[in-house]
Amino acid sequence: DARVTQTPRHKVTEMGQEVTMRCQPILGHNTVFWYRQTMMQGLELLAYFRNRAPLDDSGMPKDRFSAEMPDATLATLKIQPSEPRDSAVYFCASGLVIANTGELFFGEGSRLTVL
Amino acid sequence: QKEVEQDPGPLSVPEGAIVSLNCTYSNSAFQYFMWYRQYSRKGPELLMYTYSSGNKEDGRFTAQVDKSSKYISLFIRDSQPSDSATYLCAMSTQGGSEKLVFGKGTKLTVNP
C-alpha cells in the first residue's frame, strides 16, 4: 500500500529550538510538496521539488525555514529557530508530473506546537 | 483578496440531504480544478478532478466548473454520515503534479 510517510506525527517544542520534519514520498513520484495548514490561512504551499531540484520556495520564510531533498526517498523541512507562530500542521505530498489527474498524495501531517 | 475563496462553514445537514459546496477564484489562468476531502487528523485526498469548464459526475458526487464566473461547485447527493469531513477546493494553472492553490475548506457534518 503506497503512501507518503511523515515523521514526527506530533512535536511540541519551545521557542528558539530547531525542528526537523521528514517525509518519505511514494516510490517513483518525482514531485514533492511541503504545505502548512492552519485554521486562519488554510493550506499554504511552502516549497516544492521536482526530481529533487527545488522549483519554488517562495511561500517559505527564508530566514528560518529550509527545505531539502537529499535523495529521492527523503525530503526534509527544517525550522531554526522556531517561533510560536510556526505552530501548524505540516503536510508533505508527492505526485507524478506526467499523471493526467495531477493528483497529489498527502501524508498524515506533522502537528507542530511551539510554546 | 486571496486567489481562492471558500466559505469555511461549518455546514450541518441531515442524512440524505443534497449538499452544495462552492469556491470562487480570481486567477483566470486556472485551468485545472479539484476537490479534496480531508477527514479529521488526516491528510487531504483527491475526490474529484476536472479540466476547464463543464460538469463531471462520479457516483453521488458532481463537480461543476464555470470559468466565465470563476466559480466551482461540488454537489453531494444522498449525503451519508461517512461524508462528514472538510472539503477543500484546489486549482492549478497546469496539469500534472503542479502546485495547487487551495481554498480554506468547508467543514461538513452529515447527521444520521
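Bear in mind these aren't lab numbers, they're just calculated from the coordinates by the rules spelled out. Computed from a predicted structure; not experimentally measured. Reconstructed Cβ throughout: ideal geometry from the backbone, glycine too, with neighbour counts over all protein chains shown.
Exposure proxy check: A:PHE65, B:PHE61, A:PHE106 ranked by fewest other beta carbons within 10 Å?
Values: A:PHE65 20, B:PHE61 17, A:PHE106 24.
The order, fewest Cβ neighbours first, is B:PHE61, A:PHE65, A:PHE106.
How long are the three semi-axes of the equivalent ellipsoid of chain B, in whole Å, if each is the root of 5 times an eigenvalue of the C-alpha gyration tensor, listed from largest down?
Numbers: eigenvalues 104, 41, 33 Å².
In descending order the semi-axes read 23, 14, 13 Å.
How are the C-alpha pair distances of chain A spread across 10 Å bins, as whole percents from the shortest bin up?
15, 50, 29, 6, 0
Which whole-Hz couplings ³J(HN,Hα) result when phi for each residue of region B:104-110 is put into the Karplus expression 6.51 cos²θ - 1.76 cosθ + 1.60, θ = phi - 60°, listed in order with x for Gly and Pro?
For region B:104-110, the Karplus curve yields 6, x, 10, 7, 10, 10, 10 Hz.
Which of B:LYS2/B:LYS107; A:LYS11/A:LYS78; A:LYS62/B:LYS99; A:LYS11/B:LYS99 have a Cα-Cα distance over 22 Å?
Values: B:LYS2/B:LYS107 19 Å; A:LYS11/A:LYS78 13 Å; A:LYS62/B:LYS99 19 Å; A:LYS11/B:LYS99 26 Å.
In this structure, A:LYS11/B:LYS99 exceed 22 Å between Cα atoms.
Starting at the first residue of region B:22-29, write each ³J(HN,Hα) from the Karplus equation 6.51 cos²θ - 1.76 cosθ + 1.60 with θ = phi - 60°, in whole Hz, x for Gly and Pro.
Whole-Hz 3J(HN,Hα) from phi for region B:22-29: 9, 9, 10, 9, 10, 8, 5, 7.
Note down the Stokes-Einstein diffusion coefficient of the protein assembly as shown in µm²/s, whole number, using a Kirkwood radius over alpha carbon pairs, 10 °C, and 1.306 mPa s. Don't jump to the answer; show the numbers that get you there.
On the way: Rh = 18.0 Å.
Using the Kirkwood radius from Cα pairs, D works out to 88 µm²/s.
Relative contact order for chain B: what is it in percent, counting Cα pairs under 8 Å that are at least 6 residues apart?
Details: 275 pairs, mean separation 41.6, N = 112.
Relative contact order, chain B: 37 percent.
Considering only A:LEU46, A:LEU55, A:LEU77, give the residue with the highest GNM mean-square fluctuation for chain A, with springs between Cα atoms whenever their separation is below 10 Å.
A:LEU55
Please list the non-local residues whose amide H lies under 5 Å from the amide H of A:LEU46, H modeled 1.01 Å from N, same-chain partners needing a gap of 5 or more.
The list, which skips near neighbours in sequence, is A:TRP34, A:TYR35, A:ARG36.
Given labels modelled 7 Å from the Cα in the Cβ direction, how far is it in nm from A:SER87 to B:GLU45?
With each label point 7 Å from Cα toward Cβ, the separation is 3.0 nm.
How do the peptides B:11-19, B:65-73 rank, highest first, by the average count of neighbouring beta carbon atoms within 10 Å per residue? Numbers along the way, then the final one.
Values: B:11-19: 13.9, B:65-73: 15.9.
The packing order, highest mean first, is B:65-73, B:11-19.
Over region A:5-50, what relative contact order in percent results from Cα pairs under 8 Å that are six or more residues apart?
On the way: 43 pairs, mean separation 13.4, N = 46.
Relative contact order for region A:5-50 comes out at 29 percent.
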